Amino acid sequence: MIPYWRLSGYYFFYFAFVGAFSPYFSLYLQSVGSTAAQIAVLMSLMSVMRMLAPAMWGALADRLGVRVPIVRLSALLSMLGFAGFLVSDAYAALFASMAFLAFFWSAALPLVEALTFAHLEGQASRYGNIRVWGSVGFILAVLGLGYLLDDLPVRTVLWVTLATLGGILACALAIPEAHRPVSAALHDPLGAILRRPQVRALLLACFFMSAAHGALYVFYSMHLVAHGYSKTLVGWMWTLGVVAEIAVFMGMPQLLRAFSLRGILVFSFATAILRFLVIGWAPDSLALLLFAQLLHGATFGAYHAAAVAAVNEWFGARHQARGQALYGSVSFGAGGMIGGVLSGYTWDWVGSAWTYSLGALFALMGLLVLVGGWREPSVAEQV
């Protein structure tokens, strides 16, 4: 029996943390005197650790044959790391707390993704029905905190975010372990999988897609506030994007029956190019910003669901945790770090419009890699 609500609860609080942290923590850092470059470095530590931690924890999980104990340890130590922000706002202390938090927090999601697919056992199209609760958690956190920050100090971000980490820990304690099913890919060496052209093309394309989103996740809230929008509206803008994401997750079974994984990904990358150009060059048009946020359903929702489905199929049971960890490390880790750090420097150097144009360029590079490197039919087409 699939532990639907326990897995859904974990996703809910995990992405509630993202909803409280990603849009608003940069505002807190700005309030304590951090520069744009310092903010970019601090926020990009999450991406740096996503390059290092998931691969290490994923390899350990595959070797031991268990994932849940690592997920629980990750949740506990993440809370301890975040508590450091309550002690000091000196840059060195912020750096140390962020690094500690990021190292353990980033270990969990690839393992939970692997757990989810293991529990689904051949019903991968139902992934969206579980993952959608993460989007619901994100919406409630980003919208609720946006309202709170219009009346309360920015430091409120710390307490709300800490509460979401407590929810993650509670749900981690409730998630059951899953057995590892035998699959046709069980005996495929990891190196052989990584030598497949479509696997390399997807991973490199995902690197560029996350780099494209770097400025969005680090500076989007500051971008809107600088153009006169209230923090409440900022919360609603993030919410709109995730509502579009929810719609896509709920419709993924139908999309996967109608289109190939490759086709969905190509559309997502093309949409990202348009989205970031609009955000960069039309910040004073609320109608265009609303349109750009609706495109989040494609640039993250459809993209992520298709990417994890491809990784699930290609890496098989034996390498599932490492496959999801590699996807997370290359995309959200390396790609997110490069995109976030570069945006910090270009933001002060050439301004917001050209910074988001750089994001559009990254998306174009990912599209070219994907189209050129993934030529054979997708898994969905071969079934």
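For Val142, state whether it is over 24 Å from Gly58 (Cα atoms) and assigned to a helix (DSSP H, G or I).
yes
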Out of the residues in segment 94-122 that are within 17 Å of Met49 (Cα to Cα) and surrounded by fewer than 19 Cβ atoms within 10 Å (Cβ to Cβ), which is nearest to the chain's Cα centre (by Cα)?
-> Ala99
Positions within segment 228-245 being under 25 Å from Trp354 (Cβ atoms), in contact with a helix residue (DSSP H, G or I) (Cβ under 9 Å, 6 or more places away or on another chain) and outside any helix (DSSP H, G or I), in sequence order | Tyr229
Tell me, please, whether a residue that is small (Gly, Ala, Ser), surrounded by fewer than 21 Cβ atoms within 10 Å (Cβ to Cβ) and either under 23 Å from Thr346 (Cβ atoms) or in contact (Cβ under 8 Å) with a residue 60 or more places away in the chain (or both) can be found in segment 12-30.
-> no
Restricting segment 344-383 to residues that are modelled with pLDDT of 85 or more and β-branched (Val, Ile, Thr), the residue that is nearest to Ala40 (Cα to Cα) | Thr346
If we take segment 274-383, then helices (runs of 4 or more DSSP H) inside it with 1 or more residues that are without any contact (Cβ under 8 Å) to a residue 60 or more places away in the chain and out of contact with any Cys (no Cβ under 6 Å at 6 or more places or on another chain) are 286-294, 303-315, 336-349, 352-373, 379-382
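Which ranges mark the helices (runs of 4 or more DSSP H) fully within segment 28-116 that have 3 or more residues being at pLDDT below 85?
Per the criteria, 36-64.
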Any residue in segment 192-200 that is out of contact with any Phe, Trp or Tyr (no Cβ under 7 Å at 6 or more places or on another chain), within 20 Å of Ala363 (Cβ to Cβ), hydrophobic (A, V, I, L, M, F, W, C) and at pLDDT below 90?
-> no
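The values are calculated or read from the model by the stated rules, or taken from the named source; none is laboratory data. Since we're looking at a predicted model, the values are computed, not measured. Here the Cβ is made from the backbone with ideal geometry for all residues, glycine too, and neighbour counts use every protein chain on show.
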